[in-house]
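Following: one structure in structure tokens, then a few remarks.
What follows draws every value from the coordinates through simple rules; no lab data is involved. Note that the structure is a prediction, hence the values are computed from the model and not measured. Positions of Cβ are backbone-derived with ideal geometry, glycine not excepted, and every protein chain shown enters the neighbour counts.
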Amino acid sequence: MVDKIFYKHNGSKSIKEIVEISKAVLVTSGVLDEQIENICSIESAGKEDLCFFYDKKNKAKAGEIKAKACITTPELQGLIPEGVIVLVTDNPKLCFINLLNAFYAENKPCAKIEDSAHISKTAKIGDNCYIGYNVVIEDDVVIGDNCIIEANAFIGRGCKIGNNCRIANNASIAYCLMGNDCYIYTGARIGQDGFGFSVVEGKHKRIPQIGRVIIGNDVEVGANTCIDRGALDDTIIGDGCRIDNLVQVAHNDRIGNYCILVAQTGIAGSCKFGDYVVCGGQTGFADHLNIGSGAQIGAQSGVMRDIEPGAIVMGTPTVPFKDFMRQVSFLQKNSKK
């Protein structure tokens, strides 16, 4: 059950409204005026709620459904108990997203600038923005319309942030140009020094990092993730990327459009990713690698050489996924001898 203290509930909806929002096909007749109060899991849904059932691996759970209505797939609709209103769709995940957005919303602050915020006189703040407590916005910053800058966030000199962006509490943005519709989560660090040192007379001498971070449109950067600015060339994050918590993107990396980097992925400097690359959790990359578009790297893999477009790899060092499974099978069989 969604806690209405934390999330705004937009009110109950009729089955007719649910059909219009979800684009699902209503199987049960004569129920268009029936009201649904909440969206719930199968386990918690009651007689006023709607649930989803589309996991073919857990068909037995269908018998546990006590919801008023259920959205399922054509393949599974015959398993839904009698008396439950049935809606079917070929894309239940999209229905789920659309209905969640219709039923619930995060509590967002009204447009205002809190008194404790420190904003440079040369900064430009767009219309309908919220600037939270103790926010620091330095000289020549430009922030677009409809942005939310939460408490204790820092935005360094000269940064540009597009429209409809959200910078969560305690995040810091420096040396950065950011597009529209981006969400930078709590504690993220954007634009810090890259890890560049040279040994001079037996000591590690810091190499100045004089590049920027360029973030495209519709990008999400998870909590406590770090994206370093470039040494000379820019660090680039393409449109539509989803970067999880605790990810490290090093200086001069170029991440293509719509890539997914799952938690604790670490990418060394000057790597180039194509579009739609997916990296499982705790994936590590050596520097100066080229990762082709559509490549998928399994969790806890160590990538030490270039990866071809569309390849599915796993292991340390990475090998094609089928080869990795053969290695695992071989080790399991021979470890018993």
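Computed per residue of the chain from DSSP H runs no shorter than four, each worth -39500 (n - 2.57), the mean residue ellipticity at 222 nm is -3000 deg cm²/dmol.
Across the options V213, V199, I236, the greatest Cα extent toward the positive end of the charge dipole of region 199-240 (unit charges at beta carbon of Lys, Arg, Asp, Glu) belongs to V199.
With both bridge residues required to lie in region 171-323, what share of the DSSP beta bridges run antiparallel, to the nearest 5%? Around 15 percent antiparallel, to the nearest 5. Available extension along the chain between Q35 and I312 is 95.2 nm, counting 0.36 nm per residue and deducting the alpha carbon span. For region 53-120, lysine pairs with C-alpha atoms less than 28 angstrom apart, excluding pairs fewer than eight positions apart on the same chain, total 12. Neighbour counts of C-beta atoms inside 10 Å place M314, M325 in the sequence M325, M314, starting with the fewest.
Would you kindly give the portion of the calculated P(r) for the chain that falls above 25 Å, as a percent of all Cα pairs? For the chain, the fraction of Cα-Cα distances above 25 Å is 63 percent. Full extension of the chain between L331 and K16 yields a length gain of 107.8 nm, computed as 0.36 nm times the residue separation minus the alpha carbon distance. Placing +1 on the Cβ of every Lys and Arg and -1 on the Cβ of every Asp and Glu, with nothing else charged, gives region 7-106 a dipole about its Cα centre of roughly 220 debye. Given charges of +1 on the Cβ of Lys and Arg and -1 on the Cβ of Asp and Glu, with all other atoms neutral, how large is the dipole of region 228-337 about its Cα centre, in debye to the nearest 20? It works out to roughly 800 debye. For region 8-101, applying the loop criterion from DSSP together with a ceiling of 13 other beta carbons within 10 Å to the GluC sites (Glu not before Pro) yields E43, E75, E82. Using the Cβ-Cβ distance between H204 and V136 with R0 set to 25 Å, the FRET efficiency from 1/(1 + (r/R0)^6) comes to roughly 0.25. Extension gain for K4-T122 works out to 38.5 nm (0.36 nm per residue, less the C-alpha to C-alpha distance). Here region 171-323 has an Rg and Dmax of 15.0, 48 Å, counting Cα atoms alone. Electrostatic bookkeeping for N91 treats Lys and Arg as +1 and Asp and Glu as -1; over the other residues with beta carbon under 14 Å from its beta carbon, the sum is 0. Here T265, T122, T186 are placed in order of increasing Cβ neighbour count within 10 Å, fewest first, which gives T122, T186, T265. Here region 7-106 is treated as an ellipsoid with the same Cα gyration tensor; its semi-axes, largest first and in whole Å, are 19, 14, 13. The label-point distance for T186 and K61, in a model that sets each label 7 Å from Cα toward Cβ, rounds to 2.7 nm. Summed over all non-identical Cα pairs, the Kirkwood treatment of region 170-223 gives a radius of 12.8 Å. What the Cβ-Cβ distance of I260 and E75 gives, at R0 = 22 Å and to the nearest 0.05, is a FRET efficiency of 0.20. Over all other residues within a Cβ to Cβ distance under 10 Å of V141, the charged ones net out to 0, with Lys and Arg as +1 and Asp and Glu as -1.
When E106, E138 are arranged by Cβ crowding within 10 Å, least crowded first, meaning fewest neighbours, the order is E106, E138.
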